Structure formats: C-alpha cells, structure tokens
Amino acid sequence: MKIRALFVIWSCIFCLTANNCCLATGGDALAKELKGMENVIPLPYHSALDKTVKQLSTKSLPKTFTKYEAFVDSALMQRGMPLELKYLPYALSGMKANYDFDDRYGYWALPTLVGLHYGLSINERRDERWSVEASTLAALDYLNDLHKRYNDWWYSILAYANSPTSLSHALIHQGSEPDLWGFYDQHLLPDSRVIADFIACVYLGNKNKLSFNATAVEPSIVKLPEPKQPKVPATPVATSAPESAEGPTSTTSTATIPTPKKNPSANTETIKYKIKKGDTLTKIASKYHVTVANLKKWNNLKTDRIREGQTLTIHKK
C-alpha cells in the first residue's frame, strides 16, 4: 500500500514537471521568434503574451486593415517610421474605423484635442477621425512628434495610448525607469494592455496568422443629420386693408401681414447634465454633438473650468 501511494505521488510530480517543461519550452520558442522579428521596436517576451496570442489568433478583425494596409505602409515609410506601427490600431481600437470610447474615436483612437491640433475637422457636423486616410496622417504625425520628445518608440506608444501626462506620472511614481513589462505588471498606466496587444499583433502579422472578416467595412467621415427647422405657418394674403384708428383705407391697397418670427426653441430638447469626475467641456460637447462655445453661452461660463456635481444646461436639436 505504501509503495502504491509513493508511486502515485511520484507520477503526479512527474506530470507537473513535464507540463512545466512544456510551458517553458513554448514560452522560450515564442521569445526566440519575437527576438528574430525585432527591427526598430523591441518585442520582449512576457508570459501574458501566451494567452494574448492565442486569443487574437482565433479572432476575426475588420477587413478595413487589409484595404488600407498599403496606404498606412506608405505613410510610415514617408516619415521614416517603423512599419510595425501599422499594427498599433489593433491595440488601440481593435482596428475598427468607427471606434468610439472615452473621447477617443476612429481607427487610431485619437482624442479630440489631439485630432484638432493636427488639423482634423471635428465638430458637431463632421469628424475626420472616422476617415482612415485623414486619421492615419494625423496619428502618425502625433507619434512622430512624441518620438522626437522621448527618443523611444515604446514611450511614444504608451504616451499616445494614455497621454504624455499619464506617462510622466507613471515614471515619477516608479522612481526609476521601469522595463517595458514593468508598466504592465505594476499597472502604472490606465491602459497597459496596449503592450501585450501590440506585440501579439506584430507577431501574428509577421506569421501571417491574422484573420479578417469576409465583409469589408467602409469607413466614412461622420456627418450628422441636418437639423430640423421650425415649421412656420404660411403668411396669409390679405384681401383688403385693415381699418386703422383714423378710419377705413383705400379699397385698392393691400396690407402685408408680418411674417411670424421663428421660435428658436422649437424642436429643441433641453438636457440637464450633472458633471462627473473627469468630465471636460470638450468631452461633454462631443458626447451631445454641440460646441464648447454654445455650452459656455447656455451656462454663462466665462472660462472652460467646470467642477464635479455642477449641472449644465444643454439645448440639443
């Protein structure tokens, strides 16, 4: 009985050891492949990549990527930027041209202020972040400027995905420069998943293992519907002149009845919005498709400063 128990224990230990060896071998193989793919941007291995690579290899991506891949490659080469950056939109937006989350829009997940700074048209009528061509040029110019600032492509990617301010805070909090996966393991940034997603997508792209939906999604610049105009009753035609205080007027003359003034509040919805932590006038204006100028006008705001708990009035057509 004792011999049998010892045999069972030895078998379990052997199986666990064998499994660990297999996992180590798999990780070593992936690390070696990533090392061979490195060009300008380092692709260090981390155990988190095993799961991420497996997930992405079974996920179909929008065919938008294949349609515009040559365009993105050309834009990168013109700027002398690493071609691996063409996979960054997956880590940012899932390669969706109509991506919309937390004031980041489009294929390149561009924040509103960044898009405006780099010349994109962004207002209640039109948003060029949803155009692959326009957003690509703006995003690459932004990335290029970040690289001039940091002289490091990973710092540029992390600043892009989070913000230069978030990256600065992470570096100050750390007290020293962490290695790349240190940002991920220590949760130093709001969006550290971009590290695993980007490296995994570069790996699968180089191995030709990215799969795409059969149906292409054609992105377009957002155009909102035309605002409804208030209905104004037709001006009635007078058949005779009205009598005045002085007596009747000539029967040959006609009087013009004034056109009723348009009611600016017609077909307009008034919304009371309570400001939450992290809100800005730009974010609120973008959410309700109005302008910052109108928000300030409706609420008698002299500056862009707002506070949590404050209520804003929004007139939306």
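Probe of 1.4 angstrom, ligands and nucleic acids ignored: what's the accessible area per residue over region 79-192, in square angstrom?
Values: 4850 Å² over 114 residues.
For region 79-192, the solvent-accessible area averages 43 Å² per residue.
Starting from the eigenvalues of the Cα gyration tensor, five times each then square-rooted, give me the equivalent ellipsoid semi-axes of region 146-185, largest first, whole Å.
Working: eigenvalues 47, 23, 19 Å².
Taking √(5λ) for each Cα gyration eigenvalue gives 15, 11, 10 Å.
State whether region 123-212 is rounded, prolate or oblate according to the following rule on the C-alpha gyration tensor (a ≥ b ≥ c being the square roots of its eigenvalues): a/c under 1.5 gives rounded; otherwise a/b larger than b/c gives prolate, and the remaining case gives oblate. Please list the in-between numbers first.
Values: a/c = 2.00, a/b = 1.25, b/c = 1.61.
Since a/c reaches 1.5 but b/c is at least a/b, the shape of region 123-212 is classed as oblate.
Can you tell me the length gained on complete extension of the stretch ALA29 to LYS51, counting 0.36 nm per residue apart and subtracting the Cα distance? Provide the component values of the computation, followed by the final result.
Values: separation 22, 0.36 × 22 = 7.92 nm, distance 1.44 nm.
The ALA29-LYS51 span can extend by a further 6.5 nm.
Please list TRP108, TRP153, TRP130 from largest to smallest accessible area, probe radius 1.4 Å, with all protein chains kept in place.
On the way: TRP108 0, TRP153 30, TRP130 60 Å².
Per-residue accessible area, sorted high to low, gives TRP130, TRP153, TRP108.
Quick one: which of LYS32/LYS148; LYS35/LYS59; LYS54/LYS148 span more than 26 angstrom between C-alpha atoms?
Details: LYS32/LYS148 30 Å; LYS35/LYS59 24 Å; LYS54/LYS148 34 Å.
Those over the limit are LYS32/LYS148; LYS54/LYS148.
The values are calculated or read from the model by the stated rules, or taken from the named source; none is laboratory data. Small disclaimer: the values here were computed from a predicted structure and weren't measured. For accessibility, only protein heavy atoms count, side chains too; no ligands or nucleic acids. Shrake-Rupley method; radii C 1.70, N 1.55, O 1.52, S 1.80 Å.
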